[in-house]
Amino acid sequence: MSKILIRGAKVLGGEPQDVLIDGETVAQTGTGIDGGDATVIEAAGQILLPGLVDLHTHLREPGREDSETVLTGTRAAAVGGFTAVHAMANTFPVADTAGVVEQVWRLGRESGYCDVQPVGAVTVGLEGKQLAELGAMHDSAAGVKVFSDDGKCVDDAVIMRRALEYVKAFDGVVAQHAQEPRLTEGAQMNEGVVSAELGLGGWPAVAEESIIARDVLLAAHVGSRVHICHLSTAGSVEIIRWAKSKGWNVTAEVTPHHLLLTDELVRTYNPVYKVNPPLRTEADVMALREALADGTIDCVATDHAPHPHEDKDCEWAAAAMGMVGLETALSVVQQTMVDTGLLDWAGVADRMSFRPAAIGRLEGHGRPVSAGEPANLTLVDPAYRGAVDPAGFASRSRNTPYEGRELPGRVTHTFLRGRATVVDGKLA
Ligand code: DOR
Ligand code: ZN
Ligand code: ZN
């Protein structure tokens with residue numbers, strides 16, 4: 001097997017070190033390592049991180065291969081520095097059976113760019129009425145441990161309770177898209193000053209917060225684990241902080257876009273800014289950043305939501321919700337969290353690799369960069385500055401809110417079990 005010597009990178013942002021990869025494994029770390037005939041990557045000034053892990057990716061296969069496939073989505077993931085992604089269940093057919101999750105899992109294995117861990121639906125057809133075959137999906141080759149009806153909220157309290165009870169048996173977790181459906185009927189954007197001025201139907205913060213409050217109480221009641229997807233309001237942060245202070249098994253994620261963008265952008269009526277949950281206010285953005293920094297929010301998750309051009313190139317009300325995010329996630333986190341002094345690179349490794357892997361109980365990812373560990377690694381040049389050009393995306397979709405925006409940092413190399421999937425910023 002081949003050897004690779006990464007020379008002089010700051011491992012997790014610390015002192016420069018050499019890291020020798022031998023085959024699929026990190027063989028040695030230290031200074032002045034003699035790699036022998038190893039391929040050398042000069043990495044002075046760069047940051048070496050554990051391969052990033054996304055708890056929340058929409059890969060669209062099966063059923064919407066016009067927007068993304070497992071192959072194109074995992075290529076986008078690799079470019080973004082990810083070595084594992086959790087594929088959401090809102091496909092066609094829905095991933096609510098062992099057969100469908102095994103299909104997605106197998107496609108991921110064949111891709112070779114990034115590991116794919118399928119998420120199973122909580123309810124049959126995401127309809128919120130009947131529990132899906134959670135046990136069968138867990139026992140399948142896909143080994144599902146994260147269940148979510150994402151895109152839809154499990155709003156029936158009894159079904160949510162049963163799901164929490166069921167996954168407890170195998171240490172699984174229910175990831176909730178917290179959105180009270182009656183409070184968000186016809187909603188088009190965040191409910192606030194901007195929605196009032198634009199005359200667009202508002203999406204109140206309480207629609208998210210009321211479900212989170214209910215679900216942390218339910219999780220505590222049954223002694224199970226709940227994970228809250230894409231937190232978007234300051235009030236949601238307060239509830240999670242309170243639940244954690246009680247010692248309850250509650251975790252939460254935030255998306256890069258909710259760390260950077262606000263509902264002021266909706267004034268442009270450009271549907272690239274239409275997303276669920278919606279972009280909120282500056283005060284919410286600041287509360288989310290602070291909560292990610294202090295650990296109240298456990299991790300960053302992209303909610304990468306590819307849509308074909310025709311589903312976004314239309315008037316605001318008709319446009320699909322969601323934005324692509326895999327290829328820009330780390331840069332947005334660098335801008336909002338690192339360059340602002342809120343988080344150091346070790347913190348980024350924690351929030352984008354260690355913790356999401358731990359929440360998903362994912363093996364072989366989110367491991368320290370040390371001898372004997374699988375060589376799932378990401379090398380980042382933090383000094384890079386460049387404008388986002390969607391034409392160069394590996395994703396099949398282009399619905400980014402950052403087109404033309406200058407963002408800091410670039411993934412130069414990604415390694416999946418010792419094999420380079422990205423070299424010098426390009427797919428290998
Ligand atoms: O904006 C979103 N898009 N939010 C979701 O919850 C679902 C996602 C999608 O599947 O497009
Ligand atoms: Zn969602
Ligand atoms: Zn989602």
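Remarks
- Residues in segment 214-248 that are without any contact (Cβ under 8 Å) to a residue 60 or more places away in the chain, open to solvent by 40 Å² or more (accessible area, probe 1.4 Å) and either more than 24 Å from the chain's Cα centre (by Cα) or within 16 Å of ligand 3 (Cβ to nearest atom) (or both): 217, 223, 245, 246, 247.
- Enumeration of residues in segment 60-111 that are part of a loop (DSSP other than H, G, I, E, B), within 13 Å of residue 305 (Cα to Cα), of a type outside the set (D, E, K, R) and touching an Asp or Glu at 6+ places or on another chain (Cβ under 7 Å): 69, 88, 89, 90, 91
- Members of segment 340-361 found to be out of contact with any strand residue (DSSP E or B) (no Cβ under 6 Å at 6 or more places or on another chain), part of a loop (DSSP other than H, G, I, E, B) and touching a residue at least 40 places away in the same chain (Cβ under 8 Å), listed by number: 340, 342, 343, 344, 361
- Looking across segment 393-410, just one residue is surrounded by fewer than 20 Cβ atoms within 10 Å (Cβ to Cβ) and of a type in the set (Gly, Ala, Ser), and that is 404.
- Test result for residue 204, within 16 Å of ligand 1 (Cβ to nearest atom), at pLDDT 95 or above and not basic (Lys, Arg): no
- Residue check, residue 149 surrounded by fewer than 18 Cβ atoms within 10 Å (Cβ to Cβ) and under 19 Å from residue 359 (Cα atoms): no
- Residue that is open to solvent by 20 Å² or more (accessible area, probe 1.4 Å), under 18 Å from residue 86 (Cα atoms) and either within 16 Å of ligand 1 (Cβ to nearest atom) or under 18 Å from the mean Cα position of the chain (by Cα) (or both), where the choices are 317, 349, 358: 358
- Just one of (1) without any contact (Cβ under 8 Å) to a residue 40 or more places away in the chain; (2) under 21 Å from the mean Cα position of the chain (by Cα); (3) buried (at least 18 other Cβ atoms within 10 Å of the Cβ); (4) in a helix (DSSP H, G or I) fails for residue 166. It is (2).
- Filter pass, residue 265 being within 16 Å of ligand 2 (Cβ to nearest atom) and either assigned to a loop (DSSP other than H, G, I, E, B) or touching a residue at least 40 places away in the same chain (Cβ under 8 Å) (or both): no
- Taken over segment 277-303, residues that are within 15 Å of ligand 1 (Cβ to nearest atom) and either in contact with a Lys or Arg (Cβ under 6 Å, 6 or more places away or on another chain) or farther than 27 Å from residue 241 by Cβ (or both) amount to 0.
- Matching strands (runs of 3 or more DSSP E) fully within segment 1-48 where at least 2 residues are of a type in the set (Asp, Glu): 16-22
The values are calculated or read from the model by the stated rules, or taken from the named source; none is laboratory data. Remember, it's a predicted structure, so these values are computed and weren't measured experimentally. Don't worry about glycine lacking a Cβ; one is built from the backbone with ideal geometry, like all the others, and counts go over all protein chains shown. Note: accessible area is taken over every heavy atom of the protein model, side chains too, but ligands, DNA and RNA are not part of it. Shrake-Rupley method; radii C 1.70, N 1.55, O 1.52, S 1.80 Å.
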